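Everything below concerns the one structure shown next.
The values are calculated or read from the model by the stated rules, or taken from the named source; none is laboratory data. From a predicted model like this one, the values you see are computed outputs, not experimental measurements. For neighbour counting, all protein chains shown are included, and Cβ atoms are generated from backbone atoms with ideal geometry for every residue, glycine included. Side chains included, ligands, DNA and RNA excluded: accessible areas come from the protein's heavy atoms. Shrake-Rupley method; radii C 1.70, N 1.55, O 1.52, S 1.80 Å.
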Amino acid sequence: ATLLYTIKFESDSISPMPAVSLLLVTALVSSLSLPLISADNDQYTHTPGICLLQGSCNGDLPCAHEDGIDPITPDDEHRQLLTEACPMYASDTKVCCDKDQLNYFKKQLNIVKAIIGSCEACIWDFKALECGFFCDVNHSKFIQIKETSQEEERVTVHEIRYFITRDAARRIFNACKSVRDSITGGIGIIYVCGEADCSQDTFYLKLGDNPYVKLKVEFVIADESPISYIEPFSDQNVYDCNEKVNGKTCSCDDCEDVMCQVPVTEAPNNLWHYTVPTGVGLSLVWIVLITCLTCRHREKLTSTSTSNYWGVLCYTCILMDYLAQICMSLCLAWGWANAGLRQLHQTSTRPD
């Protein structure tokens, strides 16, 4: 069954987060001593390779098995579901999650992908944390069952404690903190925090004890556990947002550690592009200037009746001369701008 992981505090009251964020999984306990279930009071078997939880009870809550239950050997259909929903466990020979759990989780992923799916590393980390809880054959090493109810021979789990290392908690948050949702283009984790300034502490604290989700899970963030059989969930299946996952890297819009590549127009790599237009401009100036001088000379030699005609022609030539000079100036500016752009491009692409 898909879970919402929460933090429970002895004295703080945490408001519920929006329903759209019910599947965003992770939590933090920092500098806080939680009452732990001691090894003497824990009635469940914590043996690596044996499943504490398997299957669904009472709807979407997981079933507990006090003495543990053997993991499942996936068939082809089961393995295909693992590939789609929990790819980090697709090659495992044994898993604790059944097909019903995977099908349910796969449906819920559609909501999660709308919020954080634009960053491959973030959605992978989400899957790793969730799938680790109900698919990993060693999940008994990092979970404790806190509250259950029994109906006939089926034990339904209502509350669980999940141990996770500090580094894993940090990396999961960092991979998702800047990811933009595909609906509004805003930061996805704002749906959890309920405010624009969503710090790491605020994000985890606001997960709260949500009334929309039946199963509650307390995260204990610690690198070492005081309980001998507990080994916190680590970050071996977790990626940073600037790492390539499935051949994809998060964009710079979704990850602060990814440098945006500013498109630069490639400048010409030879002088032809600006020397030829400049030469054409100079030629026009000289042609028009010679024409104007010829007009002036003809005006002096001709009679009065035709002098007005040559005068208009000369003034027209003078105007054309000015235009030609403007044209030449533009050609020169264009040429030197391209030369400067080429130099800038070479500087920006020079390796450090």
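Averaging over all projection directions, find the projected area of the Cα convex hull of region 109-158 and quote it in nm² with one decimal place. Please list the in-between numbers first.
Values: hull surface 20.0 nm².
About 5.0 nm², averaged over all directions.
How much net charge surrounds VAL95 when only the other residues with a Cβ under 10 Å from the Cβ of VAL95 are counted, with Lys and Arg +1 and Asp and Glu -1?
Working: positive: ARG79, LYS94; negative: ASP92, ASP98, ASP136.
Around VAL95, the charge tally is -1.
As a quick test, which of the pairs LYS106/LYS244; LYS216/LYS248; LYS127/LYS214; LYS146/LYS214; LYS106/LYS214 have an alpha carbon distance above 25 angstrom in this structure?
Working: LYS106/LYS244 23 Å; LYS216/LYS248 33 Å; LYS127/LYS214 20 Å; LYS146/LYS214 14 Å; LYS106/LYS214 19 Å.
From LYS106/LYS244; LYS216/LYS248; LYS127/LYS214; LYS146/LYS214; LYS106/LYS214, over 25 Å: LYS216/LYS248.
Excluding same-chain residues fewer than 8 positions from LYS94, which aspartates and glutamates have a Cα within less than 16 Å of its Cα?
ASP70, ASP75, ASP76, GLU77, ASP136
I'd like the FRET efficiency for ALA196 and GLU66, computed as 1/(1 + (r/R0)^6) with the beta carbon distance as r and R0 of 41 Å, rounded to 0.05. It would help to have the intermediate numbers written out before the result.
Details: r = 46 Å, r/R0 = 1.12.
Working from the Cβ atoms, E equals 0.35.
Rounded to the nearest percent, how much of the accessible area of region 110-250 (1.4 Å probe, protein heavy atoms only) is carbon and sulfur? Mind dumping the intermediate values first?
On the way: 2590 of 5990 Å².
Here carbon and sulfur together make up 43 percent of the probe-accessible area.
Quick check: convex hull over the Cα atoms of region 72-181, volume per residue in Å³, rounded to an integer?
Working: hull volume 13.5 nm³, N = 110.
Enclosed volume per residue, from the Cα hull, is 123 Å³.
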